[in-house]
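The values are calculated or read from the model by the stated rules, or taken from the named source; none is laboratory data. Just so it is clear, the structure is predicted and the values come from calculations on it, not from any experiment. Using ideal geometry, Cβ is built from the backbone for each residue, glycine included, and neighbour counts are taken over all protein chains shown. Side chains are part of the model used for accessible areas, which takes the heavy atoms of the whole protein and leaves out ligands, DNA and RNA. Shrake-Rupley method; radii C 1.70, N 1.55, O 1.52, S 1.80 Å.
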Amino acid sequence: MSNIENKSHNSPAIPGMTDEGEKLATEQVQDDTIRVEKKTVDTSRAGRPTSYKVEDFAELTGREEDWRFTPLKRLGGLHTDALTGQGVDISVSAPDSVSVETVNRDDSRIGSAGIPEDRVAANAWSSFSEATVITVGQEDELDQHIALQIQGTSMEPTAQHIVVETKPFSKAVVALRHAGSAVVSQNVEFKVGDSSSLTVVSVQEWNDDAIHASAQYAKLGRDARFKHINISLGGNLVRVTPSTKFSAPGAETEMYGLYFVDAGQHIESRLFVDHSVPNCKSRVTYKGALQGRNAHSVWVGDVLIGKDAEGTDTYELNRNLILEDGPRADSVPNLEIETGLIDGAGHASTTGQLDDEHLWYLQARGIPEAEARRLVVRGFLNEIIQQIHIPELEEKLMDALEEELALSNN
Amino acid sequence: MSTLEIKDLHVSVILDDENSKPILKGVNLTINSGEIHAIMGPNGSGKSTLASTIAGHPKYRVDSGEILLDGEDVTEMSVDERARAGLFLAMQYPVEIPGVTMSNFLRSAKTAIDGEAPSLRTWTKDVKEAMGELKIDPDFIARNVNEGFSGGEKKRHEILQLELLKPKFGILDETDSGLDVDALKIVSEGVNRAHQNNDMGVLLITHYTRILRYIKPEFVHVFVDGHMVDQGGPELADRLEEEGYVSYIGK
Ligand SMILES: Nc1ncnc2c1ncn2[C@@H]1O[C@H](COP(=O)(O)OP(=O)(O)O)[C@@H](O)[C@H]1O
Ligand SMILES: [Mg+2]
């Protein structure tokens, strides 16, 4: 295991936020504190049960490893009720060459990239009646993105299923935008064909009452490129679980995330990168800002490097910025390594407050404190927005962030 | 014509919630627009403390005395108010700010200081020109504030800001340290330009006499153990060059 590099003590993006932040975190465990845990491997991610059927999963108690941070009471029945509602509308706009279909649940393409790993996802899988299937043909390099608008219309518990496939040597960008009010559990499958490239932007800008669980599965073919950008801003409880599975060597995944959590919101991101084949690369970068009482973020990053995954190169990072007293940020990086023959593996997790020296420098140049704070937070989150490369969406999100920042009483 | 007056200033550095340590022990100094004053003193004598206190760093507490800018007590003002009132500190250790580009930062600062956004066309031209004169690579405008800059690059960017923001008084805290001769000349020329073009008063804080070959002070103050122990004209700097601070220490 000599060439495993633990980069946990890398230089921080915000000075003073690394080691001290972590220490601070584990030492004070009270209500409005910052918690960072480094789990030693006890419950291996490899052994987690998978099934398409809800009955194969035990009823949730809240003590399960993957539910221990989630307030089940606020799940709106997604884990207990039949998800037979029609609470979301989906509309797709795509270039002409793209195939967009609505299919029955027995369509052969369903299940080609994912299988649920928890009860809420399996509940949706057991319940949905129709799925949206989007296919980008072989060698088709799209110059316009595919836009999916998912609009919540009622609070009946609802299941949704979406499949996106990029055939070999194709290139596509897909934006999923969630808005309105809904109680929805969703399975979204991305089958990324050999040597194809898929970028997915999933934006959760729900109303304040929405409850959303989203299992997003990517299965990558040989030499495929996948980029996933997960942006959670609005909603009462939003739990997104993006995963990447490599099915053949030479593929790369980049998974980015941004969350801005306000008073009373629960925003959870659980990542899983499954390196089971050789010579694949993964990068995970999630950043969050929190403000207000009982704002709660959860970030869990599971990376599993199997015994055959020689030449793996992986790094995952989560940074949280607490803007005022009251929020709680849980951050759990978890790296399991079963082979020593890898190129690199590391993780870093920091949770801290705005750096006084940054504010001092900006104020010393005449910039008022409130604006200085906004500049620094915007800068902190901008790294993720810049990954999108859809100008009108970037602009909308920057505006949404400005609104969030205007809310803070700083 | 503006005046910066420091009267019997006593300052402590705040160490933690309970402890502080007195550093400045009665500093007196008056600078008028267009004057250049050098403050010279050994390491640890409190020069940076004086500079940071004038600019309002929260780590330093004024125990007694006054800092007056045209008769107004700046110790009552916030850090940004002082900057907008016309004080500028070129820092000994400029701060790196991730995610905030130089271009965004400079425009925000200029807008804050002037009270209105600069006209885009003249601003772009001014920035380009000032960067050119300071031999700053144009690419730096897109980089994050001070992030990954070398020591010399950081100092040049401090002077870039000094030239663009046009303060009434520039306080330069060891701007010369860590610069090679070429960079020292470039930076000094920048200070001299700001001095001439804007009738800026200069408080040049330094440990070495080297920079005084390029920036010519009319007044030289010797600073030891938290206060001025001697003052004179440029000839005093020459004497310090030869004799060092030995004769002042322990007095
Ligand atoms: N943050 C601090 N914590 C502890 N001591 C400090 C701090 N800042 C300054 N000091 C002390 O104050 C004195 C003056 O420091 P400084 O103003 O930096 O001097 P100079 O700039 O002349 O080298 C020194 O003895 C230094 O150790
Ligand atoms: Mg100093």
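Here each label is just a point 7 Å from Cα along the line to Cβ, and for B:D238 and B:D126 those points are 4.0 nm apart. Of the residues B:K135, B:K154, B:K25, the one that moves most in a GNM of chain B with alpha-carbon contacts below 10 Å is B:K135. Using the Karplus relation 6.51 cos²θ - 1.76 cosθ + 1.60 with θ = phi - 60°, the per-residue 3J(HN,Hα) values for region B:44-49 come to x, 7, x, 5, 5, 4 Hz, with x marking Gly and Pro. The heavy atoms of B:F219 offer some 80 square angstrom of accessible surface to a 1.4 angstrom probe.
For region A:177-241, just say rounded, prolate or oblate: build the C-alpha gyration tensor, square-root its eigenvalues into a ≥ b ≥ c, call rounded for a/c under 1.5, and beyond that prolate if a/b exceeds b/c, oblate if not.
It comes out prolate by the Cα gyration axes.
The lysines within cross-link reach of A:K191, meaning a Cα-to-Cα straight distance under 16 Å and a gap of 8 or more places when in the same chain, are A:K167, A:K171, A:K219, A:K227, A:K245.
Between A and B, roughly 2000 Å² of accessible area is buried in total, ligands, DNA and RNA not counted and the probe set to 1.4 Å.
Accessible surface comparison of A:M155, B:M1, B:M77, B:M40, probe 1.4 Å, protein chains only, largest first: the order is B:M1, A:M155, B:M77, B:M40. For B:K25, a cut-off of 25 angstrom between C-alpha atoms picks up these lysines, skipping any fewer than 8 places away in its own chain: B:K7, B:K47, B:K59, B:K251.
Just checking the listed ones, A:N230, A:N334, A:N207: in the Gaussian network model of chain A with Cα springs under 10 Å, the one fluctuating most is A:N207.
Compared with the direct C-alpha span, the chain from A:E55 to A:E336 gains 98.3 nm at full extension, assuming 0.36 nm per residue. Note on B:M1 and B:N19: the extension gain reaches 2.5 nm, defined as 0.36 nm multiplied by sequence separation minus the Cα-Cα distance. Taking a ≥ b ≥ c as the square roots of the eigenvalues of the Cα gyration tensor, region A:19-353 is oblate, since a/c reaches 1.5 or more and a/b is not larger than b/c.
With respect to chain B, whose longest principal axis is taken over its alpha-carbon atoms, helix B:181-198 is tilted by about 90°. In plain terms, the chain from B:D230 to B:N32 could stretch by 69.3 nm, reckoned as 0.36 nm per residue minus the Cα-Cα distance. Calculated FRET efficiency, A:F169 to A:S99, Cβ-Cβ distance, R0 = 22 Å: about 0.85 to the nearest 0.05. Between the Cα long axis of helix B:151-165 and the first principal axis of chain B there is an angle of about 80°, rounded to the nearest 10.
Compute the acute angle (0 to 90°) between the alpha-carbon long axis of helix B:102-114 and the principal axis of greatest extent of the alpha-carbon atoms of chain B; round to the nearest 10°. Taking the Cα atoms of chain B, the angle to B:102-114 is about 70 degrees. Under the rule of -39500 (n - 2.57) per DSSP H run of 4 or more residues, summed and divided by the residues of chain A, what mean residue ellipticity at 222 nm is obtained, to the nearest 500 deg cm²/dmol? Calculated mean residue ellipticity at 222 nm is -4500 deg cm²/dmol. Beta bridges from DSSP with both residues in chain B: antiparallel share about 60 percent, rounded to the nearest 5. Computed over protein heavy atoms with a 1.4 Å probe, the carbon and sulfur contribution to the accessible area of the protein assembly as shown reaches 45%.
Taking a ≥ b ≥ c as the square roots of the eigenvalues of the Cα gyration tensor of the protein assembly as shown, is the shape rounded (a/c under 1.5), prolate (a/b larger than b/c) or oblate? Prolate is the answer for the protein assembly as shown, as a/c is 1.5 or above and a/b outweighs b/c.
A simple packing score, the average count of other Cβ atoms within 10 Å per residue, orders the peptides A:316-323, B:123-130 as A:316-323, B:123-130, with the highest score first.
Taking only protein heavy atoms and a 1.4 Å probe, what accessible area per residue, in Å², does region B:1-85 have with all protein chains in place?
43 Å²
Rounded to the nearest 0.05, what FRET efficiency do A:A46 and A:L72 have when you use their Cβ-Cβ distance and R0 = 30 Å?
It comes out at approximately 0.75.
Packing here is the average count of other Cβ atoms within 10 Å per residue, and on that basis the peptides A:382-388, B:168-174, A:308-314, highest first, run B:168-174, A:308-314, A:382-388.
Averaged over the residues of peptide B:141-152, the number of Cβ atoms from other protein chains lying within 10 Å of each residue's Cβ is 1. Normalised by 2.2 N^0.38 Å, where N is the number of residues, the alpha-carbon radius of gyration of region B:176-251 equals 1.17.
Pick from A:D262, A:D107, A:D140: which residue has the top mean-square fluctuation in a GNM of chain A where Cα pairs under 10 Å get a spring? Taking springs between Cα atoms under 10 Å, the residue moving most is A:D107. Candidate cross-link partners of B:K155 among the lysines, defined by an alpha-carbon separation under 16 Å and a same-chain spacing of 8 or more, comprise B:K135, B:K185. Given Cα pairs under 8 Å that are at least 6 residues apart, what percent is the relative contact order of region B:3-243? Rounded, it is 28 percent for region B:3-243.
Taking θ as phi - 60° and the Karplus parameters 6.51, -1.76 and 1.60, the scalar couplings of region A:248-255 work out to 8, x, x, 8, 9, 10, 10, 10 Hz in sequence order, x denoting glycine and proline.
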